[in-house]
Structures are given as C-alpha cells and as structure tokens.
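The values are calculated or read from the model by the stated rules, or taken from the named source; none is laboratory data. Predicted, not measured: the structure shown is a model, and the values here were computed from it. Quick reminder, even Gly has a Cβ in these numbers, built from the backbone with ideal geometry, and neighbours come from all protein chains shown.
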Amino acid sequence: MTAYDILHHSEVERAPDIETACKLAERYLAAEPGSRERTDMATALTVLLDDPSRALRKAIAKILAPSRHAPGLVIRCLANDADEVAVPVLKTSPILTEAELVDLFAEGSDAVQCAIAGRGGLSASLSAAICEVGSEAACRTLLNNAGAQVLQSSLLRLAQRFENRPDICDQLLKTRDLPLTMRYELLMRLAENLDDHPIVLERVPENQRHTFLSDAEDKVVLRLALEAGTDDLPEFVEHLRLDGKLTTRLLLRAVCCGRLRFFAAALANLGQVPLPRLCKLLVTVRRSALQAILRKAGLPLRAHQAFLLAIDIARQAEADFTYDLALDEARALTETLLEEMQDGALGADGDVTAFLRRFAIDVARLEARLLARNSGLRITAAA
C-alpha cells in the first residue's frame, strides 16, 4: 500500500487522524533505506506538515525525533513548528546540526531554549552560546543538565549575568567546576543580600547588623578556604588581598577556627614570602623573628600579641601550618589563647580580646553542631 493509499483509502471525505500519521512515521523508519516505500512515506509525511492539527504533527515529531534515519526535511520543518511540536525534536533529534541549534536557540521562545539546553551530550560551544544569550529558564536548565559540557569561562559568564539571582547563584555554587574565586564572589553577593532579609531584620538588632554581616562574610571566606586545594589557596588569597578583604579580624578568625593553611597563605602573600618558607619559619624561628614577619605583613601592632600566642599554641600542638585543625583542636586553641589574653596585657587594645571571645563562641557552637549531627542527637528548641 502506497502513502497515497494510506492517506486516502476509506478516508477521502475526512482528514487523516493521529493514528494514521503515526503509522506513516513508523513505516518510514521500518522501511529499507533508499527503497520506494521509504520515499513514499517521506512524501506523505511532508504532506502532513501542512495539516492544521498540532496534535497530529506532535505525534509525528515524537516518533521521528530520536532517530538518526528520520527524513531531514521533515525534522527541520518540525523543529521550526509551534513550540509543542518542536520541543520533542529539539530535545533529542541527532539530525539537527550545532549551527542549526544555535540559530533555533537564538530565535526561540523559553520553551525552545529550554528544550535545546536540556539535550543530552550538549557541546561546550553550544553551552557557551546558551550562557551568553539564553533566558534565565534556559540557563537554569543547562545547569541541571548533567550531560552538558560547560567550560569554566561559560560558568563565569553565567555568574556575571545572574549574580543578583539567588536561585541561579545557588545552582552555580553546586557546580564543581566553578573557580574558587567565583564561588567567593557569588557567596558575597548572597551575603550582601542578607542586609534586608526578613530574618535578619527581625532577629538582629540594628546596631549589631554591621558586625553580623561582617562575620557572615568572614565565615564564607573560611568555609571556602577549608575546601580549597593546595594549588587554589594562593590564588584565592591574592584575590582577597586585591579585594581588600585580608583584614586582621579575618586572620584572627582563621586562627581561632583552625584554618592554619589559610593563615599561612595570607601571611605569605602579605609579607611577600614564599609559602613553603613561611610555613617553615612559623614553626622554627624565635618570637622576635615572628614579630618581624607580622610587621612585614602589615598587621597592626595591637594584634601581634594575639597572633604570637596563637602561633605558640599551634606549635605546642605540633601543627605545621600545612593542614587545618579539627574543630575540637581549634576550640582548645581558642580557649587557651583567650585565657592567655585575659591578664590585660593588651592594655587599651581590648578590642582584640572582644573579637576572640566572639570567635570562641562561634567555634564552640560549630563543634556542638557537628557533634550533634554525627551522634544523631535530636535538639529541640524551647517553646
């Protein structure tokens, strides 16, 4: 039976139905390549492209879309059809070239863009185009597409375009290939948005909000420092220096939280000393030499006593500043440091001691949360 017969036998007076269209598509795929039957089926499918029924054209699209042997003309027409017809083809058709997909994406609706962004095995160049001009919905789809190849440069472009969109920032932060410095920038944007967050407005007194937000930023830095690899840490520290974020408060917090790798990398950067040499000096030289290192790094004199004591305590714990302390070790260091500072040796510079008290509370709370999580304790809040 020819394509003409299928379309017209017993149906001369009415339009072909979806079942008939599906039979044509299936017969086309089952026919031998180059056979008369396949040619007839292709002709019939081409005729059906003008059928007013979207449901019929969509049914054809669903059957033909996954096949490498579908008629190219029909596939390309369906890809330019109404969204509900085009989406199945745009999602899966291996016939569409990358250049065609780029053109379709640039001119397409959100539905079209999302269909293309969700394709399996998406190439790096097509992903780059999506990151450059794609809608927010399409970019979100791309980030959820585990089979897409997305270069770091494309992720950076997404971060630049959507830095004020918390949902996309959150998705980007879950992407392993995002550079550490960009993770920092995104988290800083989120921290800045805390200023007018309802929970902050309700629970943090107005006169404490600046301190609260500064602490939030420092905690972000130290969390990233904990996750940073050995090769990433110096670049991250340099980024912070250029951003004006390598503050005395941050370095004190780093010591109290046991982030000794970060503390050493920051001192090496500020003092322009190679990191391996700096780590060796921290565990070998006398106090006068350590004070010279702190001075060269530009740290204020009023904080030297705290840093020198912290380095002494870390030495006693046999830390070599090439690894971070566990939370219980960090808590012990902070408590010992605070006890040593209680004798008023700082004179009028009690702000350092006040910092240390706050840091000690933070470390103790972190340790308690970790203990509760690891032991399966159920903590109930008071009513």
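Go through 291, 316, 272 for me and flag whichever is at positive phi, free of Cβ contacts under 8 Å to residues at least 40 places away in the same chain and in the same structural domain as residue 356 (by TED's automatic domain parsing).
Numbers: 291 fails: at positive phi; 316 fails: at positive phi.
Going through 291, 316, 272 in turn, just one is at positive phi, free of Cβ contacts under 8 Å to residues at least 40 places away in the same chain and in the same structural domain as residue 356 (by TED's automatic domain parsing): 272.
For (1) within 21 Å of residue 357 (Cα to Cα); (2) in the same structural domain as residue 314 (by TED's automatic domain parsing); (3) of a type outside the set (Val, Ile, Thr); (4) at pLDDT below 90, each residue gets a yes or a no:
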| residue | (1), (2), (3), (4) |
| --- | --- |
| 215 | yes, no, yes, yes |
| 219 | yes, no, yes, yes |
| 258 | yes, yes, yes, yes |
| 265 | no, yes, yes, no |
| 296 | no, yes, yes, no |
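Can you find a residue in segment 165-175 that is within 14 Å of the chain's Cα centre (by Cα), closer than 27 Å to residue 264 by Cβ and at pLDDT 80 or above?
yes
I'm told residue 267 meets every condition in (1) more than 34 Å from the chain's Cα centre (by Cα); (2) on the phi < 0 side of the Ramachandran plot except one. Can you identify the failing condition by its number?
Result: residue 267 fails condition (1) only.
Kindly check whether there is at least one residue in segment 83-91 that is crowded, with 18+ Cβ neighbours inside 10 Å, touching a Phe, Trp or Tyr at 6+ places or on another chain (Cβ under 9 Å) and either free of Cβ contacts under 8 Å to residues at least 24 places away in the same chain or assigned to a helix (DSSP H, G or I) (or both). Reasoning before the result, please.
Narrowing segment 83-91 to residues crowded, with 18+ Cβ neighbours inside 10 Å: 85-90.
Subset that is touching a Phe, Trp or Tyr at 6+ places or on another chain (Cβ under 9 Å): 90.
In the following step, the residues that additionally are either free of Cβ contacts under 8 Å to residues at least 24 places away in the same chain or assigned to a helix (DSSP H, G or I) (or both) were identified as 90.
Within segment 83-91 (the criterion being crowded, with 18+ Cβ neighbours inside 10 Å, touching a Phe, Trp or Tyr at 6+ places or on another chain (Cβ under 9 Å) and either free of Cβ contacts under 8 Å to residues at least 24 places away in the same chain or assigned to a helix (DSSP H, G or I) (or both)), the answer is yes, since at least one residue qualifies.
Name every residue in segment 119-174 that is of a type in the set (Val, Ile, Thr) and either under 19 Å from residue 109 (Cβ atoms) or in a helix (DSSP H, G or I) (or both), in order of residue number.
Keep residues of segment 119-174 that are of a type in the set (Val, Ile, Thr), which gives 130, 133, 141, 150, 168.
Selection gives 130, 133, 141, 168.
Evaluate segment 341-354: report whether one residue or more is exposed (fewer than 15 other Cβ atoms within 10 Å of the Cβ) and either under 32 Å from the mean Cα position of the chain (by Cα) or modelled with pLDDT of 85 or more (or both).
No, because not a single residue in segment 341-354 is exposed (fewer than 15 other Cβ atoms within 10 Å of the Cβ) and either under 32 Å from the mean Cα position of the chain (by Cα) or modelled with pLDDT of 85 or more (or both).
Please find, within segment 275-288, the residue that is farthest from residue 215 (Cα to Cα) out of those that are basic (Lys, Arg) and without any contact (Cβ under 8 Å) to a residue 12 or more places away in the chain.
Of the residues in segment 275-288, the ones basic (Lys, Arg) are 277, 280, 286-287.
Subsequent filtering for residues that are without any contact (Cβ under 8 Å) to a residue 12 or more places away in the chain retains 277, 280, 286.
Numbers: 277: 31, 280: 30, 286: 32 Å.
The selected residue is 286.
Taking interchain pairs and intrachain pairs at least six residues apart, which have beta carbon atoms under 8 angstrom, with the first residue in segment 21-49 and under 15 Å from residue 60 (Cα atoms) and in the same structural domain as residue 70 (by TED's automatic domain parsing) and the second surrounded by fewer than 16 Cβ atoms within 10 Å (Cβ to Cβ) and of a type outside the set (D, E, K, R)?
That search, which allows pairs on different chains as well, returns 29/69; 42/73; 44/4; 46/73.
For segment 143-167, give me each residue that is surrounded by 17 or more Cβ atoms within 10 Å (Cβ to Cβ) and touching a Gly at 6+ places or on another chain (Cβ under 7 Å).
Across segment 143-167, the qualifying residue is only 145.
Looking at 186, 180, 126, 173 in this structure, which one is in the same structural domain as residue 68 (by TED's automatic domain parsing) and among the hydrophobic types (A, V, I, L, M, F, W, C)?
Numbers: 186 fails: in the same structural domain as residue 68 (by TED's automatic domain parsing); 180 fails: in the same structural domain as residue 68 (by TED's automatic domain parsing); 173 fails: in the same structural domain as residue 68 (by TED's automatic domain parsing).
Residue meeting the stated conditions: 126.
Please work out which one of (1) surrounded by 16 or more Cβ atoms within 10 Å (Cβ to Cβ); (2) at pLDDT 80 or above is the condition residue 194 fails and give its number.
Of the numbered conditions (1) surrounded by 16 or more Cβ atoms within 10 Å (Cβ to Cβ); (2) at pLDDT 80 or above, the odd one out for residue 194 is (2).
Can you go through 137, 148, 159 and tell me which one is more than 19 Å from residue 118 (Cβ to Cβ) and among the small types (Gly, Ala, Ser)? Can you show your working first?
Numbers: 137 fails: more than 19 Å from residue 118 (Cβ to Cβ); 148 fails: more than 19 Å from residue 118 (Cβ to Cβ).
On inspection, the qualifying residue turns out to be 159.
Scanning segment 298-318 for residues that are more than 18 Å from residue 249 (Cβ to Cβ) and among the aliphatic types (A, V, I, L, M), which turns out modelled with the lowest pLDDT? Lay out the reasoning, then the answer.
Pass one, segment 298-318, residues more than 18 Å from residue 249 (Cβ to Cβ): 312-318.
If we keep only those that are among the aliphatic types (A, V, I, L, M) too, we end up with 313-314, 317.
On the way: 313: 87, 314: 88, 317: 82.
So, considering only residues that are more than 18 Å from residue 249 (Cβ to Cβ) and among the aliphatic types (A, V, I, L, M), the one modelled with the lowest pLDDT is 317.
If I ask for residues that are crowded, with 18+ Cβ neighbours inside 10 Å and among the charged types (D, E, K, R), which ones from segment 106-142 would you list?
Those that are crowded, with 18+ Cβ neighbours inside 10 Å and among the charged types (D, E, K, R): 119, 140.
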